[in-house]
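Data block below; observations after.
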Amino acid sequence: MADEEKNEKTEEQTPEETPEETPAEEPKAEETPAEETPAEEETPAEEETPAEEEAPAEEEAPAEDAPAEDAPSDAGPSDDEGVDWKTRRRLERSRRPAEARPQQSDEERAAARAEGRKQAGKKRSSYRTKRRTKKTAGTGTPPAEPESAGRKTRQGRVMSSKPDKTITVAIEVARRHPQYEKIVRRSRTLHAHDAQNEAGEGDLVRVIETRPMSRTKRWRLVEILEKAK
């Protein structure tokens with residue numbers, strides 16, 4: 001029990017000592033402001049120089065703000081940039097103040113509209129007549145002379161003359177082969193128109209190109225070069 005009472009006494013003594021120390025520290029806190037007072041007096045002297053230096057900057061600020069005030073005036077015309085002439089004219093008309101006009105009846109308004117249309121029609125007609133008179137009549141392209149490209153003619157043997165007014169002619173073509181340098185003979189048959197049925201089988205005839213006379217006839221008999229023996 002004695003030990004516990006000693007411990008309680010020591011604990012009671014320790015909080016009592018702390019309040020005694022705090023008053024001892026208070027004068028030190030009072031001394032520090034006294035020592036710092038000269039430093040506070042020096043700070044205004046140092047702050048005076050930036051105030052003088054900042055004064056021109058404050059005077060220049062309105063000069064920089066001046067272009068900002070003019071900016072809206074420049075921004076106005078820029079709205080019309082990149083706009084076609086018709087839209088620009090409509091915007092200009094919409095910005096004009098409205099003119100006070102006397103009130104009209106329906107008949108007067110219709111008559112004024114008709115008169116305006118008539119005047120516009122006259123302007124258009126006069127403009128068009130002026131445009132026509134300015135133009136000079138050109139000579140144009142001269143007419144092309146009809147020139148035939150030349151009809152093809154072929155020579156061959158009559159293979160058949162049984163159909164009426166039609167002969168079958170075999171045409172032989174002999175050409176040199178482009179790669180092998182050999183004479184290659186080819187034959188083809190065509191139908192020609194024989195109006196008089198003159199040609200017979202085995203005759204050597206000449207035919208010429210003509211208009212389509214049937215589904216297969218595109219040639220016509222010109223002459224018989226050699227009769228068959």
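The values are calculated or read from the model by the stated rules, or taken from the named source; none is laboratory data. These numbers were taken from a predicted model, which means no experiment stands behind them. Note: ideal-geometry Cβ built from the backbone for every residue, glycine included; neighbour counts use all protein chains shown. We work out accessible area using only protein heavy atoms, side chains counted, and drop any ligands, DNA or RNA first. Shrake-Rupley method; radii C 1.70, N 1.55, O 1.52, S 1.80 Å.
Observations on the structure shown:
- Value of Rg to Rh for region 101-181, rounded to two decimals, is 1.68; Kirkwood radius and Rg both from alpha-carbon coordinates.
- Accessible area, probe 1.4 Å, largest first, for residues 190, 225: 225, 190
- GluC sites (Glu not before Pro) within region 112-186: DSSP coil, no more than 10 neighbouring Cβ in 10 Å: 147, 181
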